[in-house]
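**Q** Structure below; questions to follow.
Values quoted throughout were computed directly from the atomic coordinates according to the rules given, and no laboratory measurement underlies them. Keep in mind it's a predicted model, so treat the numbers as computed, not measured. So basically every Cβ, Gly included, is an ideal-geometry build from the backbone, and we count neighbours across all protein chains shown.
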Amino acid sequence: MDWNDGYVADIAYPAAFFPEQSPTHLSIACVLNGVEPVPLDRPFTYFELGAGMGLTASVLAASHPHGRFYANDFQPAHVASARALAEAGELDNLTLLECSFADLAAGKIDLPPLDFITMYGVYSWVTPENRRHVVDFIARYLKPGGIVYVNYNAMPGWAGALPLQRIVLEHAARHPAGRERQVAQARDFVNALIATGIRYFDDNPALRHRLDSLAAALDVPLAQAARLAALLASSGHATLFLLDGALTDARPARALNRTIARDAVHGDQYQVLASPVLGGGLRAGLVQRLIYTVLTDRPDVSDSDTVLAAVRQKLERYRDAAGCDSSQAAQLAALTAGLPQTVEAILRLRVPVWRALQVL
Ligand SMILES: C[S@@+](CC[C@H](N)C(=O)[O-])C[C@H]1O[C@@H](n2cnc3c(N)ncnc32)[C@H](O)[C@@H]1O
């Protein structure tokens, strides 16, 4: 059998941050559902299975310096990239393991009992045999009362995406090429279809239903939120949210943020900044990360003209860089056109929030 066990392994998976995997988020989900959460005000252990490029694991480790984090993936390019990020971000509480689920289930890696085991985009993507390895791993290492988070794609929730998946697969089958090229070609093809006025995205009732249910889930009455906050505070589980992060060391989060912001380039996937107060990360687009770099490189600077000039210079550098195609150049031009308002708004509205959440 191939080392990749039937898994698509010839292209790297995009990096992404998923807040649902945060210990803070999971503890709140437990409290909401009447289940005792894992205390977060003392050391705990956490494992992410199939961590891909390691962005989620890195942000979570940086935001929880007293947690001990582990993450695995069997794809060498993923683990190398994750290790580079963790190293540059000076994370000493994250161990990145290049190994398979089978290795883990067989106990080949020395690990402590685990408080949290999470996986995102893994369980429904792998073979039945690997699903058994995942279950065996959980049975072997999860502490009593520990929390497991499984995110998976399943029917009928994903039915709306099936036509798109089929278009991409059929297009790829008819245009043999390297996987990356096939993806790019299929994307162009889908964009061309959309440009013809195809109504699939507008008309798909399943997609609309997903959006509706998300809006409903966000509509939590204030009184309920306040009761939850009181409960979390009194149980000691939400110190991170409610005590201004005073108990948490913000230095690891800031070190990782400096790395993420310093390496920001147009069109990258590292669009998050870690917050120890949130116990997770905040989405941060390119301009926000460029501003973060300016503010951390030059802490004496706060006036918007100086920040604007520095950010504009960085954007111009991307535009002039070789390899910027016409659509990227157009996106950069649009970004540059609205830059004064964007920078002013971020400085006025986002930076104070970053400071309160100890992102900055
Ligand atoms: C769809 S990606 C999700 C990555 C990451 N969790 C995310 O959501 O961004 C699934 C990941 O699982 C890894 N993977 C798949 N099968 C595996 C196995 N048998 N052992 C270890 N890792 C595996 C892949 O290399 C890939 O990085």
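**Q** Can you pull the Rg over Rh of the stretch 250-356, Cα-only, Kirkwood?
**A** Value, to two decimals: 0.96.
**Q** Starting from the Cα of residue 165, step 7 Å toward the Cβ, then list every residue of the stretch 119-155 with an amide N under 14 Å from that point.
**A** Answer for the stretch 119-155: 121-127, 152-155.
**Q** Starting with the fewest neighbours, write out 306, 118, 196, 248 ranked by other beta-carbon atoms found within 10 Å of each beta-carbon. Before the final figure, lay out the partial values.
**A** Values: 306 13, 118 27, 196 6, 248 23.
Sorted ascending by nearby Cβ count, the order is 196, 306, 248, 118.
**Q** Over the stretch 253-360, what is the relative contact order in whole percent, taking alpha-carbon pairs under 8 Å and six or more residues apart?
**A** On the way: 102 pairs, mean separation 33.5, N = 108.
Result for the stretch 253-360 is 31 percent.
**Q** If you don't mind, there's one more thing I want to ask. For a test of the definition: using alpha carbon positions, the gyration tensor, and the 1.5 limit on a/c, classify the stretch 19-151 as rounded, prolate or oblate.
**A** oblate
**Q** Using a cut-off of 14 Å between beta-carbons, work out the net charge of the residues near residue 350 (Lys and Arg +1, Asp and Glu -1, residue 350 not included).
**A** Here the count lands on +3.
**Q** At a threshold of 8 angstrom on Cα-Cα distance, excluding pairs fewer than six apart, so keeping six or more, what relative contact order does the stretch 19-151 reach in percent?
**A** 27 percent
**Q** Give me the net charge for the shell around residue 313: Cβ to Cβ below 14 angstrom, other residues only, Lys and Arg +1, Asp and Glu -1.
**A** +1
**Q** Okay, next question. What is the order of 109, 260, fewest Cβ neighbours within 10 Å to most? Could the numbers behind the result be given before it?
**A** Numbers: 109 14, 260 27.
Listed from fewest to most nearby Cβ atoms, that is 109, 260.
**Q** Moving to a separate point now. Provide the net charge surrounding residue 68, with neighbours chosen by a C-beta distance below 14 Å and charges set as Lys +1, Arg +1, Asp -1, Glu -1.
**A** -2
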